[in-house]
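Notes to accompany the following structure.
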Amino acid sequence: MRRLLLAACFSLSAITVASAQNPPAQSGPNNNAINSSGHNNANAPVAGRNSFTKGQAKSKLQEAGYANITDLKKDNAGVWRGKASKGGTATAVSVDFQGNVHSAQ
């Protein structure tokens, strides 16, 4: 039993040391996986694997002040696209995988 416990402790400490040696990802402009509050990471929708559901994409648009959101569909580039209105003006809108909201204004 003592040997088993000792082996388990040794394994856990080896895993901890190995994971501590991985350097952090490089930070850089437009490198965020998720858009930070009040800040767009790009001037145009960024293509990429989009994990947002239709409901989450719609919520991002609503948070940006859009209403009457229709025809929301994910395209081949992973960008949610649809139509919405803001301030009484209807426009084409999109949400990319970073959470950036864009309009065709």
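Each value in this text was obtained by applying a stated rule to the coordinates, not by laboratory testing. Computed from a prediction, not measured in an experiment: that's the story for all the values here. Backbone-built Cβ (ideal geometry, glycine too); neighbour counts: all protein chains shown.
At q = 0.31 Å⁻¹, what log₁₀ I(q)/I(0) does a Debye calculation on the Cα points of region 49-105 give, no solvent, two decimals?
-1.41
If packing is taken as the average count of other Cβ atoms within 10 Å, what order do 49-59, 93-103, 67-77 fall into, highest mean first?
93-103, 49-59, 67-77
Taking residue 54 as the anchor, which aspartates and glutamates have their alpha carbon closer than 13 Å to its alpha carbon, excluding any fewer than eight residues away along the same chain?
Cross-link targets: 71, 75, 96.
Summing Lys, Arg as +1 and Asp, Glu as -1, what charge do residues with Cβ under 14 Å from the Cβ of residue 91 carry, residue 91 excluded?
In short, +2.
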